[in-house]
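Novice: One structure is given below, represented as structure tokens, and several questions about it will come after.
The values are calculated or read from the model by the stated rules, or taken from the named source; none is laboratory data. All values derive from a computational prediction rather than experimental measurement. Quick reminder, even Gly has a Cβ in these numbers, built from the backbone with ideal geometry, and neighbours come from all protein chains shown. Quick note on the areas: whole protein, heavy atoms, side chains included, nothing else; ligands and nucleic acids left out. Shrake-Rupley method; radii C 1.70, N 1.55, O 1.52, S 1.80 Å.
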Amino acid sequence: MSRANAGIGWYFVAMFSVAGVFLVHEMPQLWHSKFYLDGQTLLAATPAMELFAGSYRASAWLFWPVFQLAGYLGLDLSLYSSRFDRAWFVMNLLWALPFLAMIWEVVRRMGARAAPSDIFVLFCALVLYAPFYGSINKDIVPALMMFAVTAALAAGRLGTALTVFVVLVLAYGLVVRVYFLLFGTVFVLAYFLVDSRTKMMVALFAGTMVVVLSFPYIPRALIDIGRAEYLEDVASTRINYSFDDYTAGGFALNRIVAVVRVAFPVELLLKSPVYAPFVLFRCYVTLLMLKAIDQVGGMRMAACVILAFTVTQAVFEPDFGSAFRHFMMAIPLVIYLQSAFGRPAGHRWGALARPRSC
């Protein structure tokens, strides 16, 4: 890879970062203020660090030092979701900096390139996701978790990446978001059983049968909390179901259909053309995942993480907006996959990028 090509790649990284920060500042005027409701709830939550503390209470405990820093700096966040002043922007900038630094570091480790597909992925990570990473949100923690996994993969340490993933996801599921336990379980099954697109389809069918048989024991309350009806007033992109969700067959069919809908959310184009960039990005990532699922090593692990999270989202997500926001955690792995496909087999990441036929 030439220095000129790498230089152009870094130029786009810098330009997109600046554009992202600009959007963070201008988002309430350009779109809407619903992005900040989650942050307002998080600010009001009572911090707690205990088993199954819940996403808001446990996240409030994790972010307590940041909120204390905000108070020390004199930032009044009492009207965070409705008053968009200097304090609001400074806080959002503080929240955005770790994500921006994380993206820059992944690009540094994998190498910047000026390929159109690389530029597209970086645009989506740094500009399209600006409303999500540029606001108080819980999803920065899973994103940093996946960054740790990505750093291990970029260094060629697959065993370390697997260990880090399992430990962090287990801890996060036990304390913060219980559905991460399902996410981790699906990943382990996918990683050890699915090494081709055919096996992926077989595994999804087998999983559907397991859901039907175990339906009486499904923790329905946890799912209903996530899909609470009051969210109708918040989300205009709610994922509605076609089948009776309170029967075994209907529940399973709804989730199978939801996997496809989350992976290829083309129906959003019928709601508004403003969703087109999000639709294009999510479809591209799904195709990237399908392409990588029959690779070996780090690329297959990254693909299995994306597959497992997509399946988990199909079970719990109430709307497409939440699905896009929560998918922020996978951005480091998406950049890793995108970069790995452009590497020659002899590159130091090559052992993680060769197809099984090699």
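Novice: Does region 141-164 hold any residues that are within 16 Å of the chain's Cα centre (by Cα) and either open to solvent by 10 Å² or more (accessible area, probe 1.4 Å) or over 28 Å from Val274 (Cα atoms) (or both), and which are they?
Specialist: Answer for region 141-164, where residues must be within 16 Å of the chain's Cα centre (by Cα) and either open to solvent by 10 Å² or more (accessible area, probe 1.4 Å) or over 28 Å from Val274 (Cα atoms) (or both): Val141, Leu144, Met145, Met146, Phe147, Ala148, Val149, Thr150.
Novice: In region 144-172, which residues are of a type in the set (Phe, Trp, Tyr) and in contact (Cβ under 8 Å) with a residue 60 or more places away in the chain?
Specialist: Applying the first criterion (of a type in the set (Phe, Trp, Tyr)) to region 144-172 yields 147, 165, 172.
If the condition is that a residue be of a type in the set (Phe, Trp, Tyr) and in contact (Cβ under 8 Å) with a residue 60 or more places away in the chain, then Phe147, Phe165 are the ones that fit.
Novice: If you take the residues in region 240-250 that are under 19 Å from Gln313 (Cβ atoms) and in contact with a helix residue (DSSP H, G or I) (Cβ under 6 Å, 6 or more places away or on another chain), which one is least open to solvent (accessible area, probe 1.4 Å)?
Specialist: Asp245
Novice: For Ala70, all conditions in the list (1) over 23 Å from the mean Cα position of the chain (by Cα); (2) open to solvent by 10 Å² or more (accessible area, probe 1.4 Å); (3) more than 24 Å from Phe316 (Cβ to Cβ) hold save one; what is the number of the exception?
Specialist: Unmet for Ala70, out of (1) over 23 Å from the mean Cα position of the chain (by Cα); (2) open to solvent by 10 Å² or more (accessible area, probe 1.4 Å); (3) more than 24 Å from Phe316 (Cβ to Cβ): (2).
Novice: Is it the case that some residue within region 198-210 is touching a helix residue (DSSP H, G or I) at 6+ places or on another chain (Cβ under 9 Å), over 20 Å from Tyr284 (Cβ atoms) and either among the aromatic types (Phe, Trp, Tyr) or crowded, with 22+ Cβ neighbours inside 10 Å (or both)?
Specialist: yes
Novice: Name every residue in region 41-57 that is free of Cβ contacts under 8 Å to residues at least 60 places away in the same chain, assigned to a helix (DSSP H, G or I) and of a type outside the set (D, E, K, R), in order of residue number.
Specialist: Going through region 41-57, the residues free of Cβ contacts under 8 Å to residues at least 60 places away in the same chain turn out to be 41, 44-48, 57.
When the remaining residues are screened for being assigned to a helix (DSSP H, G or I), the result is 41, 44, 57.
Thr41, Ala44, listed by residue number.
Novice: Out of Gly20, Gly54, Gly39, report the one residue that is on the phi > 0 side of the Ramachandran plot and under 20 Å from the mean Cα position of the chain (by Cα).
Specialist: Working: Gly20 fails: on the phi > 0 side of the Ramachandran plot; Gly39 fails: on the phi > 0 side of the Ramachandran plot.
Result of the check over Gly20, Gly54, Gly39: Gly54.
Novice: A further question follows. Looking at this structure, is Tyr191 open to solvent by less than 30 Å² (accessible area, probe 1.4 Å) and under 22 Å from the mean Cα position of the chain (by Cα)? Even if it seems obvious, please write down each step before you answer.
Specialist: Working: open to solvent by less than 30 Å² (accessible area, probe 1.4 Å): yes; under 22 Å from the mean Cα position of the chain (by Cα): yes.
Yes, satisfied.
Novice: Only one of Met299, Met328 is assigned to a helix (DSSP H, G or I) and crowded, with 21+ Cβ neighbours inside 10 Å; which? If you could, list the steps in order and put the result at the bottom.
Specialist: Working: Met328 fails: crowded, with 21+ Cβ neighbours inside 10 Å.
That would be Met299, the only listed residue that is assigned to a helix (DSSP H, G or I) and crowded, with 21+ Cβ neighbours inside 10 Å.
Novice: Could I ask something else about it? So, in region 1-33, how many residues would count as being surrounded by fewer than 16 Cβ atoms within 10 Å (Cβ to Cβ), in a helix (DSSP H, G or I) and polar (S, T, N, Q)?
Specialist: Going through region 1-33 one residue at a time, the tally reaches 2.
Novice: Looking at (1) within 22 Å of the chain's Cα centre (by Cα); (2) open to solvent by 10 Å² or more (accessible area, probe 1.4 Å), find the lone condition where Arg86 falls short.
Specialist: It is condition (1) that Arg86 fails.
Novice: Of the residues Leu253, Leu280, Leu270, only one is more than 14 Å from the chain's Cα centre (by Cα), open to solvent by 10 Å² or more (accessible area, probe 1.4 Å), at pLDDT 95 or above and not charged (D, E, K, R); which?
Specialist: So the residue among Leu253, Leu280, Leu270 that is more than 14 Å from the chain's Cα centre (by Cα), open to solvent by 10 Å² or more (accessible area, probe 1.4 Å), at pLDDT 95 or above and not charged (D, E, K, R) is Leu280.
Novice: Run down Leu79, Leu93 and say which single residue is of a type outside the set (Ser, Thr, Tyr), without any contact (Cβ under 8 Å) to a residue 12 or more places away in the chain and out of contact with any strand residue (DSSP E or B) (no Cβ under 8 Å at 6 or more places or on another chain).
Specialist: On the way: Leu93 fails: without any contact (Cβ under 8 Å) to a residue 12 or more places away in the chain.
Residue meeting the stated conditions: Leu79.
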